[in-house]
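See below for the structure under consideration.
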Amino acid sequence: MTRSFKAAVFLDRDGTLNVERHYLHKPDELELIDGVIEGLQLLQQANFQLFVVTNQSGIGRGYFAEEDMRLVHRKLEHILESHGINLAHIYFAPEAPGEPSRGRKPSPQFLLDASRDYQISLEHSYMVGDKQCDLDCGWAAGVAASVLVRTGYGADLERGELTVRGSFHVADDLLAAAHWIRQSETQ
Ligand SMILES: [Mg+2]
């Protein structure tokens, strides 16, 4: 399908792309969730630009260095590239909660940055994540829908205190989310 605008899928990292680990900061501990490669391939084939938007408060808390995170991201990009998947950009917020931050989710700032810097139409784009702050980030940015995945903390959130503030969908995992996004896009 060809479009006259560029659309994106904004992806949370921990619990959405990779298995949630407590303050993941070692490349060896990076493990992709089943179906993530296939899901990202599906989205890329549908001409979505792929962005990662991640809160990494472990840096602000002093648990690990920004360089540790960069090594994890290098490995992530290397794995994805070996499957033909290209991430347009990885946005990260290093601050601890409560610290002033330009982009820490639920702030929509990084999505607005991507809209400006990569000419992305946010109303044709999607946000996918496993936490309330991911969903809120997408809604605040004006995406077509925020998608909750049941991986990571998502299943607990769905059973617990989930607040829906906009167009919303729940998917078992990123692969299911990708199928849903492609389907809703062609309607
Ligand atoms: Mg997450």
- [ ] Please go through segment 1-17 and pick out each residue that is at pLDDT below 95 and among the β-branched types (Val, Ile, Thr).
- [x] Thr2
- [ ] Taking only segment 1-38 into account, find how many residues are in contact with a helix residue (DSSP H, G or I) (Cβ under 7 Å, 6 or more places away or on another chain), within 14 Å of the ligand (Cβ to nearest atom) and acidic (Asp, Glu).
- [x] 1
- [ ] Filter segment 119-150 down to the residues that are of a type in the set (Ser, Thr, Tyr) and crowded, with 24+ Cβ neighbours inside 10 Å, then identify the one that is farthest from the ligand (Cβ to nearest atom).
- [x] Ser125
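Each row is one residue, and each column tells you yes or no for (1) in contact with a Ser or Thr (Cβ under 8 Å, 6 or more places away or on another chain); (2) crowded, with 19+ Cβ neighbours inside 10 Å; (3) free of Cβ contacts under 8 Å to residues at least 24 places away in the same chain; (4) closer than 27 Å to Ala140 by Cα.
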site	(1), (2), (3), (4)
Leu32	no, no, no, no
Gln56	no, yes, no, yes
Ile59	no, yes, no, yes
Glu77	no, no, yes, no
Ala88	no, no, no, yes
Gly98	no, no, yes, yes
Phe110	no, yes, no, yes
Ala114	no, yes, no, yes
Open item on the list: Can you confirm whether Ile90 is of a type in the set (A, V, I, L, M), in contact with a helix residue (DSSP H, G or I) (Cβ under 9 Å, 6 or more places away or on another chain) and away from the ligand (no atom under 15 Å from the Cβ)?
Closed with: no
Open item on the list: Being under 16 Å from Phe92 (Cα atoms), surrounded by fewer than 19 Cβ atoms within 10 Å (Cβ to Cβ) and either touching a residue at least 12 places away in the same chain (Cβ under 8 Å) or not charged (D, E, K, R) (or both) is the requirement here; does Phe51 meet it?
Closed with: no
Task: Evaluation of Asp173 against (1) in contact with a Ser or Thr (Cβ under 8 Å, 6 or more places away or on another chain); (2) of a type in the set (Asp, Glu); (3) without any contact (Cβ under 8 Å) to a residue 24 or more places away in the chain (one fails), failing number - done: (3)
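The values are calculated or read from the model by the stated rules, or taken from the named source; none is laboratory data. Keep in mind it's a predicted model, so treat the numbers as computed, not measured. Backbone-built Cβ (ideal geometry, glycine too); neighbour counts: all protein chains shown.
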